[in-house]
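Report on the structure given below.
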Amino acid sequence: MESADNAFITAFHLIVSMDPVLTGIVLLSLQVSLSAVLIATLIGLPLGAAVALWRFPGRGLLITLLNAFMGLPPVVAGLMVYLMLSRAGPLGQFGLLFTPTAMVIAQCLLVLPIIAALTRQVVEDLWKEYAEQLKSLGASRARAIPTLLWDGRISLVTTVLAGFGRASAEVGAVLIVGGNIDGVTRVMTTAIALETSRGDLPLALGLGLVLMLMVAAVNGAAFLLGESARRQAG
Amino acid sequence: MSDLRVPVGLLPLALREVGFRHGDQDLLKGITLQFGSSGKTLVMGPNGAGKSLLMRLCHGLLRPTEGSIRWHGGGRLGGQALRRRQAMVFQRPVLLRRSARANVEYPLVLQGVSRRQRRRQADAALERFGLSALAGRPARVLSGGEQQRLALARAWVMRPEILFLDEPTSALDPAATKAVEDAVLTFHEEGTRIVMSSHNLGQARRLADDVVFLCRGRLLEHSPAETFFTAPASAEAAAFLRGDLVW
Ligand SMILES: Nc1ncnc2c1ncn2[C@@H]1O[C@H](COP(=O)(O)OP(=O)(O)O)[C@@H](O)[C@H]1O
Ligand SMILES: [Mg+2]
């Protein structure tokens with residue numbers, strides 16, 4: 001077994017030489033998490049805004065659910081999607097289990113509540129301030145939604161990036177519904193878990209480094225974006 | 001036959017026995033008055049008299065709980081169509097988190113005006129209110145006076161038949177106040193009906209053609225400015241003018 005020092009050097013080499021196995025895993029991770037976040041954003045932004053602007057029966061329950069699901073443990077999300085997609089489940093006929101699509105669905109389930117709940121909060125706060133002025137300028141409530149989303153863009157982008165951070169860092173959900181199949185559903189987090197347990201430290205370390213850099217970059221970008229926008233917009 | 005493309009003027013605006021109740025409190029009650037098709041009306045009264053409430057009711061931001069508010073030329077127009085022919089400038093303007101120019105363009109975006117037209121009209125309005133140099137600045141970093149002028153420029157592109165201003169200068173210094181008063185006169189010269197609240201007597205004397213005086217949710221006077229300032233009919237208005245009944 002290699003020493004940790006050696007493992008580091010080999011890991012670094014894997015990254016710099018763009019090792020095909022490592023690259024494949026990184027690309028699949030990105031593809032899955034970005035798709036999940038994109039879908040969650042397309043649903044979450046209008047959903048959050050609608051919940052913020054309209055009163056309807058069950059609204060309180062929906063808000064409570066969204067907030068509660070923000071902290072949904074990834075393994076539980078994975079289990080839920082597994083039950084839906086397994087052969088006996090309601091969506092079993094589509095044969096999605098152990099495919100990247102299943103992983104996208106599971107991560108979407110993890111990220112959607114975050115985006116929708118935080119969007120509701122942001123839009124509701126803005127609406128308190130804007131409601132009379134927008135009505136005065138001739139905007140309907142529905143027409144106010146894109147206006148509010150745009151004016152809340154700084155917080156919303158931060159929210160979406162937070163969602164991406166959560167999606168790309170979780171193991172439990174993708175492991176359960178993806179199965180960590182080599183070359184098909186193996187992503188960074190599941191690969192790290194497996195390779196570490198198998199003792200292949202260089203690949204685990206290499207992936208760990210890439211994942212860490214990615215998440216750090218995303219968080220850094222969110223921070224810088226917020227700062228510069230705040231400085232600009234007052 | 002009249003040309004159907006030219007909308008009939010909305011004014012006059014008639015309020016009949018208008019009341020606004022909240023819980024068991026009559027915040028406004030028994031307001032009957034008419035705003036004719038031209039001129040500058042100042043809505044006066046001590047704090048909490050109901051001035052803001054009255055203007056929000058007229059503008060359609062709130063519904064009266066009693067009585068009726070009728071636009072003579074309103075016909076069957078809905079609230080939104082009605083509001084698009086009016087404008088309101090609030091005590092603290094709510095500016096969108098965008099550039100000054102984008103703020104002025106916004107009501108035109110709502111009306112579906114083409115991008116080029118929008119740009120042209122917005123630039124003309126910014127120019128008119130001395131804001132051209134600030135067009136690209138984020139609206140939220142402008143000074144209080146600039147923000148209020150920007151709100152006026154935004155109202156300007158709507159070509160309102162009537163402009164409501166709710167104490168638009170109460171948070172401004174004298175120079176900025178003067179700029180707002182000049183802007184009000186500009187609107188007036190273009191034929192916009194002015195309804196403005198203020199508790200600044202000097203300002204009211206400078207601007208008013210007629211005065212609506214409210215006290216504790218009641219309409220105590222609606223008279224020509226000279227009459228109101230020289231011979232107020234109610235004891236409350238007289239006290240208000242002496243400065244005894246301010247808050
Ligand atoms: N939407 C509302 N609901 C309940 N009370 C209100 C509302 N708007 C104003 N009020 C109350 O009505 C009274 C008159 O308010 P306002 O019209 O703002 O007075 P003014 O503008 O003359 O100072 C105040 O006591 C205020 O608290
Ligand atoms: Mg007021």
*Residue tally, condition within 14 Å of chain A (Cβ to nearest Cβ) and either free of Cβ contacts under 8 Å to residues at least 24 places away in the same chain or part of a loop (DSSP other than H, G, I, E, B) (or both), over segment B:120-145*: 5
*Quick one: in segment B:61-71, which of the residues that are away from ligand 1 (no atom under 11 Å from the Cβ) and buried (at least 16 other Cβ atoms within 10 Å of the Cβ) is farthest from B:ARG216 (Cα to Cα)?*
B:TRP71
*asked:* Could you tell me how many of the residues in segment B:36-53 are more than 10 Å from ligand 2 (Cβ to nearest atom) and under 12 Å from the mean Cα position of the chain (by Cα)?
replied: 3
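Right, A:VAL218: of a type in the set (Val, Ile, Thr), in a helix (DSSP H, G or I), farther than 27 Å from A:LEU97 by Cα and open to solvent by 50 Å² or more (accessible area, probe 1.4 Å) or not?
Values: of a type in the set (Val, Ile, Thr): yes; in a helix (DSSP H, G or I): yes; farther than 27 Å from A:LEU97 by Cα: yes; open to solvent by 50 Å² or more (accessible area, probe 1.4 Å): no.
No: the conditions fail for A:VAL218.
Looking only at segment B:41-60, filter to residues that are hydrophobic (A, V, I, L, M, F, W, C) and open to solvent by less than 10 Å² (accessible area, probe 1.4 Å); which one of those is farthest from the other protein chains (Cβ to nearest Cβ)?
In the first step, residues of segment B:41-60 are kept if they are hydrophobic (A, V, I, L, M, F, W, C); the result is B:42-44, B:49, B:53-55, B:57-58.
Next, only the ones that are open to solvent by less than 10 Å² (accessible area, probe 1.4 Å) stay: B:42-44, B:49, B:54-55, B:57-58.
Working: B:LEU42: 20, B:VAL43: 17, B:MET44: 22, B:ALA49: 20, B:LEU54: 15, B:MET55: 11, B:LEU57: 12, B:CYS58: 12 Å.
Checked segment B:41-60; the qualifying residue farthest from the other protein chains (Cβ to nearest Cβ) is B:MET44.
Under the condition of being polar (S, T, N, Q) and in a helix (DSSP H, G or I), which residue from segment A:175-197 is farthest from A:LEU30 (Cα to Cα)? Reasoning before the result, please.
Start the filter on segment A:175-197 by keeping residues that are polar (S, T, N, Q), which leaves A:180, A:185, A:189-190, A:196-197.
If we keep only those that are in a helix (DSSP H, G or I) as well, we get A:189-190, A:196-197.
Numbers: A:THR189: 11, A:THR190: 13, A:THR196: 21, A:SER197: 23 Å.
Ranking the candidates gives A:SER197 first.
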*Which one of the conditions (1) modelled with pLDDT of 95 or more; (2) away from ligand 2 (no atom under 16 Å from the Cβ) does B:MET196 fail to meet, given that it meets all the rest?*
(2)
*Any idea how many residues of segment A:87-101 are surrounded by 15 or more Cβ atoms within 10 Å (Cβ to Cβ) and assigned to a loop (DSSP other than H, G, I, E, B)?*
6
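What about A:LEU148, is it more than 14 Å from chain B (Cβ to nearest Cβ) and either under 22 Å from the mean Cα position of the chain (by Cα) or not in a loop (DSSP other than H, G, I, E, B) (or both)?
Values: more than 14 Å from chain B (Cβ to nearest Cβ): no; either under 22 Å from the mean Cα position of the chain (by Cα) or not in a loop (DSSP other than H, G, I, E, B) (or both): yes.
No, not satisfied.
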_segment B:43-54 residues that are more than 6 Å from ligand 1 (Cβ to nearest atom), paired with ones that are open to solvent by less than 30 Å² (accessible area, probe 1.4 Å) and among the charged types (D, E, K, R) (beta carbon under 7 Å, 6 or more apart)_ = B:VAL43/B:LYS51
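Within segment A:177-185, can one find any residue that is surrounded by fewer than 16 Cβ atoms within 10 Å (Cβ to Cβ), within 24 Å of the chain's Cα centre (by Cα) and under 30 Å from B:GLN111 (Cα atoms)?
If we filter segment A:177-185 for residues that are surrounded by fewer than 16 Cβ atoms within 10 Å (Cβ to Cβ), which is where we start, we get A:181-184.
Subsequent filtering for residues that are within 24 Å of the chain's Cα centre (by Cα) retains A:181-184.
Add one more test, that the residue is under 30 Å from B:GLN111 (Cα atoms), and what stays is none.
Looking for residues that are surrounded by fewer than 16 Cβ atoms within 10 Å (Cβ to Cβ), within 24 Å of the chain's Cα centre (by Cα) and under 30 Å from B:GLN111 (Cα atoms), one finds none in segment A:177-185, hence no.
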*asked:* List the residue pairs whose Cβ atoms are under 7 Å apart, where the first residue sits in segment A:154-167 and is without any contact (Cβ under 8 Å) to a residue 60 or more places away in the chain, the second is open to solvent by 50 Å² or more (accessible area, probe 1.4 Å), and the two are 6 or more positions apart or on different chains.
replied: A:THR159/A:LEU118; A:GLY165/A:ASN219
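Could you please let me know if A:LEU203 is under 24 Å from A:PRO20 (Cα atoms), over 14 Å from the mean Cα position of the chain (by Cα) and open to solvent by 40 Å² or more (accessible area, probe 1.4 Å)? Give the derivation first.
Working: under 24 Å from A:PRO20 (Cα atoms): yes; over 14 Å from the mean Cα position of the chain (by Cα): yes; open to solvent by 40 Å² or more (accessible area, probe 1.4 Å): no.
No: the conditions fail for A:LEU203.
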*Can you tell me which of A:ARG231, A:ARG198 is free of Cβ contacts under 8 Å to residues at least 24 places away in the same chain and under 30 Å from B:VAL157 (Cβ atoms)?*
A:ARG231
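Take B:ARG76 and tell me if it is open to solvent by 30 Å² or more (accessible area, probe 1.4 Å) and either assigned to a loop (DSSP other than H, G, I, E, B) or more than 16 Å from ligand 1 (Cβ to nearest atom) (or both). Spell out how you get there, then give the answer.
Details: open to solvent by 30 Å² or more (accessible area, probe 1.4 Å): yes; either assigned to a loop (DSSP other than H, G, I, E, B) or more than 16 Å from ligand 1 (Cβ to nearest atom) (or both): yes.
For B:ARG76, the condition - open to solvent by 30 Å² or more (accessible area, probe 1.4 Å) and either assigned to a loop (DSSP other than H, G, I, E, B) or more than 16 Å from ligand 1 (Cβ to nearest atom) (or both) - is met.
Within segment B:91-110, how many residues turn out to be at the interface with chain A (Cβ under 7 Å from one of its Cβ atoms), open to solvent by less than 30 Å² (accessible area, probe 1.4 Å) and either at pLDDT below 95 or not in a helix (DSSP H, G or I) (or both)? Please lay out each step first, then the result.
Let us first name the residues in segment B:91-110 that are at the interface with chain A (Cβ under 7 Å from one of its Cβ atoms), namely B:94, B:96-97, B:106-107, B:110.
If we keep only those that are open to solvent by less than 30 Å² (accessible area, probe 1.4 Å) too, we end up with B:94, B:96, B:106-107, B:110.
Subsequent filtering for residues that are either at pLDDT below 95 or not in a helix (DSSP H, G or I) (or both) retains B:94, B:96.
Number satisfying all stated conditions: 2.
The values are calculated or read from the model by the stated rules, or taken from the named source; none is laboratory data. In this text the structure is predicted, and so the values were computed from the model without any measurement. Glycine also receives a Cβ, built like all others from the backbone with ideal geometry; neighbour counts cover every protein chain displayed. Please note that ligands, DNA and RNA were not included when accessible areas were found on the heavy atoms of the full protein model with its side chains. Shrake-Rupley method; radii C 1.70, N 1.55, O 1.52, S 1.80 Å.
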